[in-house]
1. Would you work out the relative contact order for region 419-575, in percent, from Cα pairs under 8 angstrom that are 6 or more residues apart?
2. Run the numbers for residue 421 and residue 437: contour at 0.36 nm per residue of separation, minus the present Cα-Cα distance, in nm.
3. For region 490-584, calculate the relative contact order in percent as a whole number, restricting contacts to Cα pairs under 8 Å that are 6 or more residues apart.
4. In whole angstrom, and with the biggest value first, how far do the Cα coordinates of region 62-160 range along each principal axis?
5. Explain nothing, just the number: dipole magnitude of region 599-698 about its Cα centre with +1 on each Lys and Arg Cβ and -1 on each Asp and Glu Cβ, in debye rounded to the nearest 20.
6. Could you check the simple spin-label distance between residue 591 and residue 751, using points 7 Å along Cα→Cβ, in nm with one decimal?
7. May I have the extent of the alpha carbons of region 302-394 along their three principal axes, as whole Å values ordered from largest to smallest?
8. Once the piece of chain linking residue 118 and residue 143 is laid out straight, how much longer is it, given 0.36 nm per residue of separation minus the C-alpha distance between them?
Amino acid sequence: MLNFLNCFVDVILPLALPKPLTYAVPHDMQAAVKAGVRVAVQVGRRKIYAGVVLRIHGETPPYATKEIISVLDDEPIVNSLQLSLWAWVAQYYMCSMGEVMTAALPAALKMESETRVSLDSGWEDLNVDFSAAEADALRVLQAKPNLSVEELAAAMQRKNVFPLVQQLLSKQAVLIEEKLSSVGKTPCETVVALHPDVKNEKDLNALFALTEQAPQKEQLLLAYVSMALPLNYSDPPKIPKKSLLEKAQVSAAVLKACVDKGIFVQLQQEQRRQKPADSDVPAAIPPLSAAQQQAYDSIRSFFAEKQVVLLHGVTSSGKTEIYIHLAEQVMAQGRQVLYLVPEIALTTQLISRLQKVFGRVSVYHSKFSDAQRVEVYRRLLGSASEPALVLGVRSSLFLPFGNLGLVIVDEEHENTYKQHDPAPRYHARDTVIMMAKMHGAKALLGSATPSLESYSNAAAGKYGLVELTERYGSVKLPEIQIVNVAYLRRKQGGKHFSPLLIKEIGDALEKGEQVILFQNRRGFSPYVECRECGWIPQCEHCSVSLTYHKRSSRLVCHYCGFAIGMPHRCLACEGTSLEAKGFGTEKVEEDLQLIFPTATIERMDLDTTRTRSAYERIIADFESRKIQILVGTQMVTKGLDFDNVNLVGILNADAMLSFPDFRAGERSYQLMAQVAGRAGRRDKQGRVLIQTTQPRHHILSCVQRNDYGEMYRSQVADREELRYPPFVRLIEVTLKHRSEQTLFRAAQALSKLLKDSFGSRVLGPSVPLVNRVQNRYLICFLLKIEREKSTEKAKALLRAQCDLVRQVDEFRQVEIVPNVDMM
């Protein structure tokens with residue numbers, strides 16, 4: 001019970017506000033208000049939002065406050081540990097708590113007055129009672145489908161309809177803009193069962209006699225009995241209404257008549273949207289090899305004294321088995337485990353593997369519908385004290401864990417763990433380490449090619465370091481051959497398959513083996529050029545050339561999505577000699593089909609995997625050997641496990657090695673070593689061919705010898721000399737504006753402030769390679785902060801100086817974006 005004479009709450013809103021807003025709590029709502037519940041509040045004159053209560057207090061603000069309109073939850077939907085993590089993310093990554101809230105909560109748990117509401121198609125068949133206000137709302141929606149919350153409130157002449165919408169959503173009478181079947185509660189479905197008065201076969205026969213003169217009712221009863229066999233009269237089987245009606249081929253009206261006659265009852269039952277395990281009985285966990293057991297014991301030993309351990313194991317060394325054993329040990333203690341992977345594709349392979357061991361596994365990523373994500377969120381929220389295993393990508397760290405014991409970050413080096421746009425621009429690996437600390441949990445980072453930052457922390461003794469230097473089953477690491485294609489590009493006009501690679505692919509196909517080809521560029525070709533005048537089609541909104549996608553016959557901007565049809569003539573000189581330059585995965589696929597016309601070839605890139613089912617289909621088909629050659633971007637490098645791949649080809653190593661970034665060497669090694677690791681993962685040594693015009697490059701030598709240590713030492717020496725991570729922290733500051741002149745003047749003003757305060761620690765202002773995106777020009781600064789210096793003081797000073805620039809009238813519309821620990 002609150003003991004404040006005047007009660008106020010600080011509310012986090014899904015807006016980029018510098019701090020939470022304070023609202024007064026009416027006396028009749030004080031008993032319902034708790035930290036972590038959602039409340040409906042008014043912002044400005046007309047907008048209404050659902051915000052999360054951060055703090056309850058009795059401190060009267062020095063300004064007039066609005067009252068909260070209503071409390072939307074009986075119990076908190078965000079726990080205290082989540083609120084602490086939100087605050088840390090906002091402070092460390094220089095963003096607002098509202099931006100963190102937007103990233104953290106599934107869309108179904110966020111509502112604002114522009115949320116659109118419509119009737120659920122089956123609302124009239126629901127066996128539920130509606131209040132007078134709910135019935136009034138349904139009548140309005142019948143007359144005017146698809147209204148915003150604001151429009152619905154106006155039509156009903158009510159100040160706030162949030163609680164009403166919430167009630168109708170929980171009864172599954174309406175949908176909101178994401179077409180959800182439920183919000184705020186575990187999704188349910190209508191099921192049909194025999195009436196409780198039907199206690200034996202005699203009673204059932206009486207029902208058949210009753211329906212003898214009503215063919216459709218009899219048909220429905222017969223359909224139920226056939227689907228419910230064997231019948232258990234004490235607990236009649238519950239058949240989903242939709243399935244029953246489809247089986248009987250009758251309308252919902254026939255079912256309603258049967259319910260009225262006392263033949264059936266309709267019930268609401270929790271609907272499991274995520275696929276259950278094939279068996280509820282967990283399988284035995286396979287025993288570890290001697291090397292794996294030693295690594296497992298070392299990890300547990302380090303956990304006794306350190307919070308974070310780095311597992312550095314070569315590809316196919318069996319790191320996943322060690323993860324499973326550690327997760328099993330933690331869950332046996334009644335605690336929760338979060339298993340992070342960098343790509344959604346990896347969850348597809350892991351789900352069945354984990355379900356066999358643990359039974360129920362919760363999966364959380366953006367390819368699932370919002371209703372499915374809410375289901376996982378609610379399940380964790382309602383079972384904080386129960387053991388659970390969650391498999392997900394970076395956003396799953398925001399789930400409401402209440403008893404977290406272990407966080408596993410697989411492929412911890414991957415840059416996809418870093419969120420770039422929009423804010424919060426957090427790094428999932430670093431954030432879960434802080435989250436684990438808040439929970440009193442342990443964090444295990446795993447990789448065959450650790451990030452330099454993580455390996456540096458392990459080498460310095462900050463993290464425990466465990467190394468697995470041999471593959472599981474003593475399988476040899478793949479033989480890697482560097483293929484010099486400089487002569488090939490001169491003589492054959494830029495062909496992208498060397499004769500050796502074509503021969504090796506042919507040999508592999510003859511043996512019934514599968515092949516992976518890696519080209520880190522999607523589309524057919526990076527650009528199109530007129531051979532007569534040199535014209536190259538450019539994006540209208542960004543300073544980049546358009547990528548040619550042959551299958552759709554379109555030129556597409558990969559920054560903003562702008563697209564045009566492939567022109568037949570040059571738009572500058574009207575010549576007809578337009579030529580596709582370079583090559584992407586689509587062109588590789590097409591050319592391979594010409595060389596190997598009988599082979600089954602598939603692409604795995606962003607264009608072919610836009611849905612969850614597409615991911616699952618490609619991976620399942622490759623696992624079952626329906627696909628012989630898989631062409632892919634870096635998606636194919638990330639921990640996928642296929643037992644029949646014995647040849648991997650890297651088509652263009654030069655593009656990675658020559659990329660203008662201080663991490664180019666490290667990332668090139670990681671990508672090539674990881675994709676090479678897909679070869680020969682079972683009984684036979686695999687082969688890897690790397691095509692390059694720089695065969696003597698130091699990084700290629702390290703990849704060929706699988707010498708991570710040498711790569712690490714050489715890269716660290718360069719970075720220490722040039723003052724880059726892990727020796728400093730980087731904060732990138734990007735200015736954006738539609739006017740190039742205004743942007744330049746704002747950059748000059750900020751440059752003077754920054755250099756007066758930070759001196760030589762500031763690089764810039766500089767114009768990036770792509771200096772205009774979505775019609776906004778860009779200018780960047782890079783701020784280097786020594787590890788021994790206070791980053792918090794530096795951020796506070798940086799924030800103050802950015803605010804000074806924003807206060808100038810001319811620069812109010814200039815967006816200033818800080819990116820802490822930029823990648």
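1. Taking the mean separation of contacting Cα pairs over the length of region 419-575, I get 9 percent.
2. 3.1 nm
3. In percent, rounded to a whole number, it is 28.
4. 49, 35, 24
5. I would put it at about 140 debye.
6. Here the answer is 4.2 nm between the modelled labels.
7. 38, 30, 24
8. So the extension gain works out to 7.9 nm.
The numbers here are math on the coordinates, done by the rules we state, and not lab data. Bear in mind the structure is a predicted one, so any value in this text is a computation, not a measurement. Quick reminder, even Gly has a Cβ in these numbers, built from the backbone with ideal geometry, and neighbours come from all protein chains shown.
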